[in-house]
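Below is one structure; the comments refer to it alone.
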Amino acid sequence: MIPGRVFRWVAAAALVSCGQRERLIFPVEDPGDGDGPITEIARPGVADTTVTEGDLLLIEGRAYDADGVDTVYIEVGGANQGFSPIRGEGRDTVEFALQLSTLNLFGATVVVRAHAVDLLGEQGGFVSRQIRIE
């Protein structure tokens, strides 16, 4: 039989040890914010744009996230053009600028969509621009 004072000391030491072990093995805080990156298209600045066929159109924007941006994806529909994903390499803000050719696209409507994924794998929402070619 263990005397009362020794038993309480051993029990207290075991509780402290277990508590420390749980904090090290099972973190209670998630390092991510639970949201994916925010992506913005600054140019063209409005959701629906009309341009003249043959003009070179510049698409500019940025994606940002406190957890670090892993990759920015740009999709183009209606123009038979594509862009490789842009690597963010963990930077908080990744700016992009892409040239979109409108040559031989008279009468077409092109939709540009962009979104990003952070280092934790959280995907942000899409942002888009519709471009009418005259």
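A few points about this structure:
- Residue pairs whose Cβ atoms lie under 6 Å apart, separated by 6 or more positions or on different chains, with the first residue in the range 101-128 and over 23 Å from GLY45 (Cβ atoms) and the second among the acidic types (Asp, Glu) and surrounded by 13 or more Cβ atoms within 10 Å (Cβ to Cβ), are PHE106/GLU53; VAL117/ASP70; ASP118/ASP65; ASP118/ASP67; ASP118/ASP70; LEU119/ASP67; LEU119/ASP70; LEU120/ASP67.
- ARG5 among the charged types (D, E, K, R), more than 23 Å from PHE126 (Cα to Cα) and either at pLDDT below 50 or exposed (fewer than 14 other Cβ atoms within 10 Å of the Cβ) (or both): yes
- Hits in the range 69-94 - residues which are within 12 Å of GLY124 (Cα to Cα) and either of a type in the set (Asp, Glu) or assigned to a loop (DSSP other than H, G, I, E, B) (or both): ASP70
- ASN80 vs. criteria closer than 20 Å to THR52 by Cβ and without any contact (Cβ under 8 Å) to a residue 12 or more places away in the chain: yes
- Top-ranked residue in the range 14-68 [being among the basic types (Lys, Arg) and modelled with pLDDT of 95 or more; ranked as surrounded by the most Cβ atoms within 10 Å (Cβ to Cβ)]: ARG62
- Looking across the range 101-122, the residues that are in a strand (DSSP E or B) and within 23 Å of GLN81 (Cα to Cα) come down to SER101, THR109, VAL110, VAL111, VAL112, ARG113, ALA114, HIS115, ALA116, VAL117.
- Out of THR102, THR93, sole residue that is of a type in the set (Val, Ile, Thr) and buried (at least 16 other Cβ atoms within 10 Å of the Cβ): THR102
The values are calculated or read from the model by the stated rules, or taken from the named source; none is laboratory data. This is a predicted model, so every value here is computed, not measured. Glycine also receives a Cβ, built like all others from the backbone with ideal geometry; neighbour counts cover every protein chain displayed.
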